[in-house]
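To start, the structure itself, in structure tokens.
The values are calculated or read from the model by the stated rules, or taken from the named source; none is laboratory data. Worth saying up front: this structure is predicted, and the values here are computed from it rather than measured. Positions of Cβ are backbone-derived with ideal geometry, glycine not excepted, and every protein chain shown enters the neighbour counts.
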Amino acid sequence: MAKRATPRQFMSIEEYLAFERASLIKHEYVGGHLYAMVGVSPHSRIAGNIFVSLREAARSSSCRVHQSDMQVPVPDGPYYYPDVVVSRIDEPEDPYLEDEPCLIVEVLSPHTALTDRREKLIAYRKLPSLQTYLIVEQEGMLVERRFRDQDGRWHSEFINDGGVLVPCPPGTQFSLAEIYEGLQVRAAQEDCPHSPGTNAVLAQ
């Protein structure tokens with residue numbers, strides 16, 4: 001989750017990276033401006049549950065899993081801190097960046113829902129390495145899985161029951177119960193405005 005930081009002079013990417021390395025607070029970088037990352041629960045608990053599931057699955061693979069502390073730079077665009085990010089290539093040259101992620105997860109909150117569904121969706125799709133982008137509801141048990149097929153076309157699958165399959169770590173599947181473990185969250189309604197129905201696949 002990010003909120004606009006105290007207004008500052010426009011920053012270049014180089015100035016931002018230098019500032020961020022010395023800052024005690026994480027900031028996303030969008031259009032030359034800084035947005036402070038703000039911790040919130042149950043948002044952080046849902047992200048933590050997903051991180052734990054993916055981290056456990058990654059133990060027998062070469063994948064790296066990070067929660068909210070690794071930057072993802074978008075080509076010719078912003079620098080984000082996804083709620084969870086997975087990469088399975090060799091270690092990047094810059095230890096603060098994952099520039100070739102295979103999986104990104106964002107957990108929605110009232111202040112970030114539009115950004116996660118629109119701005120970040122458009123930005124993340126520019127990453128050639130990205131195979132799956134999960135958008136996770138906070139108020140109801142619903143996950144939107146955006147994924148790229150073998151021909152590079154993007155599709156959307158809404159999941160409100162059962163499990164969520166992701167490509168990295170290879171063959172990983174975790175359930176909605178794991179995602180929302182420890183939280184009193186209602187089941188997603190069939191008439192939820194963000195869902196056309198269970199497991200509906202839409203070509204993008």
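Just one of (1) surrounded by 11 or more Cβ atoms within 10 Å (Cβ to Cβ); (2) at negative phi; (3) at pLDDT below 80 trips up residue 185, so point out which.
(3)
Tell me the strands (runs of 3 or more DSSP E) entirely within region 131-191 that contain at least 2 residues that are hydroxyl-bearing (Ser, Thr, Tyr).
132-136, 172-175
Residue 34 passes all but one of (1) within 20 Å of residue 100 (Cα to Cα); (2) outside any helix (DSSP H, G or I); which number fails?
All conditions are met except number (1).
Given the criterion at negative phi and at pLDDT below 95, identify the matching residue among 132, 172.
Checking each option against the conditions leaves just 172.
Could you say which residue among 8, 55 is charged (D, E, K, R), out of contact with any Phe, Trp or Tyr (no Cβ under 6 Å at 6 or more places or on another chain) and either part of a helix (DSSP H, G or I) or at pLDDT 85 or above (or both)?
55
Report every pair of residues separated by at least 6 positions or lying on different chains whose Cβ atoms are under 9 Å apart, first residue within region 139-159 and closer than 18 Å to residue 125 by Cα, second of a type in the set (Lys, Arg) and outside any strand (DSSP E or B).
144/117; 146/125; 148/125; 154/125
Quick one: in region 45-76, of everything that is out of contact with any strand residue (DSSP E or B) (no Cβ under 8 Å at 6 or more places or on another chain) and closer than 26 Å to residue 19 by Cα, which residue is surrounded by the fewest Cβ atoms within 10 Å (Cβ to Cβ)?
Top of the filtered list is 76.
Mind telling me which of the residues 64, 118 ends up being touching a helix residue (DSSP H, G or I) at 6+ places or on another chain (Cβ under 8 Å), modelled with pLDDT of 90 or more and of a type in the set (Lys, Arg)?
The unique qualifying residue is 64.
Out of all the residues in region 86-107, is one or more over 19 Å from residue 29 (Cα atoms), among the polar types (S, T, N, Q), buried (at least 17 other Cβ atoms within 10 Å of the Cβ) and in contact with an Asp or Glu (Cβ under 9 Å, 6 or more places away or on another chain)?
yes
Tell me which residues, restricted to region 93-129, are over 21 Å from residue 35 (Cβ atoms), part of a loop (DSSP other than H, G, I, E, B) and not acidic (Asp, Glu).
Within region 93-129, 95, 102, 128, 129 meet the criteria.
Which ones in region 140-180 are charged (D, E, K, R) and in contact with a strand residue (DSSP E or B) (Cβ under 9 Å, 6 or more places away or on another chain)?
The answer is 144, 145, 146, 148, 149, 153, 157, 161, 178.
Is at least one residue of region 74-84 within 26 Å of residue 31 (Cα to Cα) and among the β-branched types (Val, Ile, Thr)?
The answer is yes, given that some residue of region 74-84 is within 26 Å of residue 31 (Cα to Cα) and among the β-branched types (Val, Ile, Thr).
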